[in-house]
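Remarks on the structure that follows.
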Amino acid sequence: MIVWPIISRSLWLKRAAWLLAGVSPLSLPVVFLREPEMKPTTREFVVHVVSREESARLRIVQHVNRRGIAVVAHATIHELVDTYDPDVPGCAIATCEPTETGALDVLEEFVVQDVWLPVIVVADDGDAQIVVNAMKSGAIDFITRPLQPERLVAAIDRAREVDATWRLQRSRRAELKARLGRLSPREVEVMRLVVSGMGNRQIAAMLSRSEKTIEVHRANAMRKMDASSLASLVSLVRESEQLARERRVPMA
């Protein structure tokens, strides 16, 4: 079997020039390069590989590259966070080596830094406790080594779906937050009392305001929240509260 070395484009051009000049290419050095990461050029889906072990990073990068998927390798979670662009869809593949808890650190740091990337954990077979801890911490999938290409691709495909769902959720949360931001503190207070089931007269008595004033605040709140009815207002407030409590929509 013939194994072709990976040679840089500039070196190929130099070799061609040397050959035209009558210099034997066999007498020239061959530079072997590692398989490069497939860098993203647009807002395409990007796989971020996080592992302190260089050999582990390279192995996963090679598997992902061969599938034509954009991939970037990071030695530490901090490298990923420093370059993270929330507008670019993607996922993270993090390893758990025998002497470290890298993937769990990634999951914890994502929560702290508010990084919205689905995480796929890779570890040795038999690490049952790591599986449990990873899934409890928010990993969407767990892959055991040795890596099986088809299994890895299936996990990345699922990560695409999760990422798309989270993006919709983030967009909705931002939209509702913007609507709430239009309300004055008094309008927010009246709106929450209305949603709790209190009538205008009860709210007026509680806040020591006229019923007419409460009606104005209530109407302003509904208009600014784009609520067409009381039922719609209740639904919007409950949705915004749920999204504020949950970082991500639970995935089945």
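The ranking of 142, 110 by Cβ neighbour count inside 10 Å, starting from the fewest, reads 142, 110. Applying the criteria of a DSSP loop state and at most 16 other Cβ atoms within 10 Å to the GluC sites (Glu not before Pro) of segment 164-252 yields 246. Does segment 134-216 come out rounded, prolate or oblate by the C-alpha gyration tensor, with a ≥ b ≥ c the root eigenvalues, rounded set by a/c under 1.5 and, if not, prolate when a/b is larger than b/c and oblate if not? Prolate is the answer for segment 134-216, as a/c is 1.5 or above and a/b outweighs b/c.
Where a number appears in this text, it was derived from the coordinates with a stated rule and is not lab data. This is a predicted model, so every value here is computed, not measured. Note that each Cβ is placed from the backbone with ideal geometry, even for glycine, and that neighbours are counted across all protein chains shown.
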